[in-house]
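Novice: A single structure is presented below for examination.
Bear in mind these aren't lab numbers, they're just calculated from the coordinates by the rules spelled out. This is a predicted model, so every value here is computed, not measured. Cβ placement follows ideal geometry from the backbone for every residue including glycine, while neighbour counts extend to all protein chains displayed.
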Ligand code: AMP
């Protein structure tokens, strides 16, 4: 299974991706996680990406495209992968398409998780991640157990200001990739409002249809 999860910031892509990769036994490739790791390590790529990320802006296409195409060419992706957060622009979608065509493979599905804008800020700003387990909590909707609270991480771009910019960027830069995949007949729209277990079921059903 070669698939992509698309959705606005706070749609639940990370939460759903980590559940789905267990089912499909494929690597979870999150461009955001890769960039955050590069920032933490202080690599050249990380230093370049940091300013854009803090402001909620997109990292330039050439930087992200190179990073992801290199990753999907690795042997563990030979039988499939789940991309989370990439592509986020039309040039990224086209670059992925061209690289996959060259490798003689194609995408099976693109899942679009739809959540109204007015829910996104609260979802993103209340999010906390456990750096040890990778589990994503929400202070109100999925409260963390007391013994992990002290180590939870609040992302620098999960602030009202950065989330507002990220939602705007989603509409101006990322939404245009939807028709690209619709034309290919591989787009699956899923309602992302509700209980995370219920949403996992919706995605699994959409993928089976
Ligand atoms: P995410 O964890 O997917 O919400 O991504 C966090 C941030 O990383 C985004 O707001 C961007 O600054 C950057 N980023 C992640 N993926 C991409 C991408 N495909 N293209 C450009 N910037 C990205």
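Novice: Among 54-60, 20-26, what's the highest-first ranking by average C-beta atoms within 10 angstrom per residue?
Specialist: Ranked from most to least packed, the peptides come out as 54-60, 20-26.
Novice: Hey, rough spin-label estimate for residue 22 and residue 142, points 7 angstrom out along Cα→Cβ, what's it come to in nanometres?
Specialist: 1.1 nm
Novice: Over the stretch 3-49, what is the mean sequence separation of C-alpha contacts under 8 Å (at least six apart), divided by residue count, expressed as relative contact order in percent?
Specialist: RCO, the stretch 3-49: 19 percent.
Novice: Evaluate the stretch 2-208: find the radius of gyration of its Cα atoms, find its Kirkwood radius, and give the ratio Rg to Rh.
Specialist: 0.93
Novice: For the stretch 156-209, what class follows from the C-alpha gyration tensor (a ≥ b ≥ c being the square roots of its eigenvalues): rounded when a/c is under 1.5, otherwise prolate if a/b is larger than b/c, else oblate?
Specialist: It is oblate, given that a/c is not under 1.5 and a/b is not larger than b/c.
Novice: Counting alpha carbon pairs within less than 8 Å and at least 6 residues apart, what relative contact order, in whole percent, applies to the chain?
Specialist: Relative contact order, the chain: 30 percent.
Novice: Report D for the stretch 1-56 in µm² per second (integer): Stokes-Einstein, Kirkwood Rh on Cα pairs, 20 °C, 1.002 mPa s.
Specialist: Roughly 169 µm²/s, to the nearest whole number.
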